[in-house]
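All remarks here apply to the structure that follows.
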Amino acid sequence: MPSAAFFFRTQQAAALSNFPPGELDAIARQIQTPFYAYSAEAIRARIASLHHAFDGLDIRICYAVKANSNLAILQLMALHDAGADIVSLGEMQRSLKAGVPAGRIVFSGVGKTADEIDAALSAGVWRFNVESADELHLLQHLARSRGVSARAAVRINPDVDARTHAKISTGKAENKFGVSVDEARRWFAEAASLDHVQLDGLHAHIGSQILDIEPFRMALQRVEAFRRELVDAGHAIASVDIGGGLGVVYRPGIDVPVDIADYAALVRETFVDFKGTLALEPGRWLVAEAGVLVTRTIRVKQGTDRQFLIVDAAMNDLLRPSLYDAWHEIVPLHGRAEPEVAYDVVGPVCETGDTFAQGRVLPRCEAGDLLMIGGAGAYGASMGSTYNSRPLPPEVLLDDGRYAIVRRRQTLAEMMSGEQFPQEWHET
């Protein structure tokens, strides 16, 4: 069996192909660390592979904006015929500003407010993925008040175990997302009373970072069986949104993603009789491996039992290891031949949970060395915070030997700009 060192070298070679150390070092000297770097070439390749895999189908790719909501990333999606899957008014405004047509935006999420729904109706989004009876009736009320017809899909909770982390599983009965098939059946039976909502779609999304095709098979077969039932009952179904969830490689040699060709074949086989539009909501799969977080070693600290590699990035920059115990590859960029050392790689935030890795075996590092944290293009910057009053880091886009700053580092003044001392008191 290949050694851990072999897997480290293999992943390092793959990572460095998109992010040459010399380029990252040059950028670090210009804008300092920590910073995010994204490969436009890698993202374009993933979009192209999706288009190729589903060629010939009436397919609509709606990028899940929550994965990485930077305007430059959204613009890249729009330039390559990808729409947007949004879950907030802010994500809609970002998408529109980046050039995503409203007619290619699908609005998902369990907690859409009246103001958000009204704004989406005004913008003319393609479809609402509806997740509760209350939301459906609110959509009807707001669409009627505007004198428009809203297109809607019911989000089915197929009660399928996605075999992923509990915090990113969304398709089991105990999860907050979607409704049962029984409840959806009642919605369609009463659809004639919805004179300003065109209920003609189905939607299912069972989770994220799924590495096994079987949960997809089970969920899609249940959705297709329900679609056939609805058609037999006289209900027209114009679209089926099959969600996202395709996993990526975080742990080389362990994570084996579903092959996109196999996934596309499953979709073709399952929906062979469906003549409407199929929508996909890929997020992580498009951007995770196309992004890295670059950080610099502050110092090496020898504890009683462990060595701590203290870096200038922290949990407020990349929350996934603290939130999900997530694994991210860590690659030193110093290029020296060094003996291997087991480090706890930690940040400067005052939380024990501010830890990127425990007992991670790396070539020996020194203060000042750059490190690259891989797989950080999804749910990295988009989940960032200013905890410990740490300004948000910059983001750069790399393309053909060039880079552009697509978000500059937040200043301390900008971080505090919305705060003020009491100016006027109001009675409660």
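If we scan region 47-69, do we find a residue that is closer than 30 Å to Asp369 by Cβ and either over 19 Å from the mean Cα position of the chain (by Cα) or buried (at least 18 other Cβ atoms within 10 Å of the Cβ) (or both)? Yes, that holds for at least one residue.
Residues that are among the basic types (Lys, Arg) and over 14 Å from Trp126 (Cα atoms) were ranked within region 140-156; the one that is surrounded by the fewest Cβ atoms within 10 Å (Cβ to Cβ) is Arg146. Elements of the type strands (runs of 3 or more DSSP E) sitting completely within region 323-428 and holding at least 3 residues that are of a type in the set (Val, Ile, Thr): these cover 340-346.
Conditions (1) at positive phi; (2) surrounded by fewer than 22 Cβ atoms within 10 Å (Cβ to Cβ); (3) small (Gly, Ala, Ser), marked per residue:
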residue: Ala313; (1), (2), (3): no, no, yes
residue: Leu318; (1), (2), (3): no, no, no
residue: Tyr324; (1), (2), (3): no, yes, no
residue: Pro348; (1), (2), (3): no, yes, no
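Being under 25 Å from the mean Cα position of the chain (by Cα), closer than 23 Å to Asp255 by Cα and not in a strand (DSSP E or B) is a description that does not apply to Ala313. Filtered by the rule that a residue be surrounded by fewer than 16 Cβ atoms within 10 Å (Cβ to Cβ) and at positive phi, region 94-122 gives a lone residue, Gly99. Among the residues making up region 334-346, those that are of a type in the set (A, V, I, L, M, F, W, C) and buried (at least 20 other Cβ atoms within 10 Å of the Cβ) are Val345, Val346.
Only strands (runs of 3 or more DSSP E) whose full extent lies in region 179-284 are considered here, and none of them has at least 3 residues that are under 21 Å from the mean Cα position of the chain (by Cα), in contact (Cβ under 8 Å) with a residue 12 or more places away in the chain and surrounded by fewer than 21 Cβ atoms within 10 Å (Cβ to Cβ). Just one of the listed residues (Ala342, Ala381) is farther than 24 Å from Leu412 by Cα and not assigned by TED's automatic domain parsing to the domain that holds Pro282, and it is Ala342. Mind telling me which of the residues Thr270, Thr355 ends up being out of contact with any Gly (no Cβ under 8 Å at 6 or more places or on another chain) and at pLDDT 95 or above? Just one listed residue meets the conditions, Thr270. Consider region 226-240 and keep the residues that are touching a strand residue (DSSP E or B) at 6+ places or on another chain (Cβ under 9 Å) and not β-branched (Val, Ile, Thr). The one that is farthest from Val197 (Cα to Cα) is Phe226. Go through the residues of region 87-98 one by one and say whether even a single one is among the charged types (D, E, K, R), over 28 Å from Gly178 (Cα atoms) and either at pLDDT below 95 or part of a loop (DSSP other than H, G, I, E, B) (or both). No: zero hits. Listed by first and then second residue, the pairs linking a residue in region 356-372 that is surrounded by 18 or more Cβ atoms within 10 Å (Cβ to Cβ) to a residue that is assigned to a loop (DSSP other than H, G, I, E, B) and among the acidic types (Asp, Glu), with Cβ atoms under 9 Å apart and 6 or more places separating them unless they lie on different chains, are Leu362/Glu338; Pro363/Glu338; Cys365/Glu338; Met372/Glu329. Among the residues of region 1-40, just one is of a type in the set (D, E, K, R), closer than 24 Å to Glu340 by Cα and at pLDDT 90 or above, namely Asp25.
State yes or no: is Val287 within 20 Å of Asn18 (Cα to Cα) and touching a residue at least 24 places away in the same chain (Cβ under 8 Å)? The answer is yes for Val287. Restricting region 384-428 to residues that are of a type in the set (S, T, N, Q) and either modelled with pLDDT of 95 or more or touching a strand residue (DSSP E or B) at 6+ places or on another chain (Cβ under 9 Å) (or both), the residue that is surrounded by the most Cβ atoms within 10 Å (Cβ to Cβ) is Gln410.
The values are calculated or read from the model by the stated rules, or taken from the named source; none is laboratory data. Because the structure is predicted, anything quoted here is derived from the model rather than measured. FYI the Cβ positions are ideal-geometry reconstructions off the backbone, even for glycines, and counts take in every protein chain you see.
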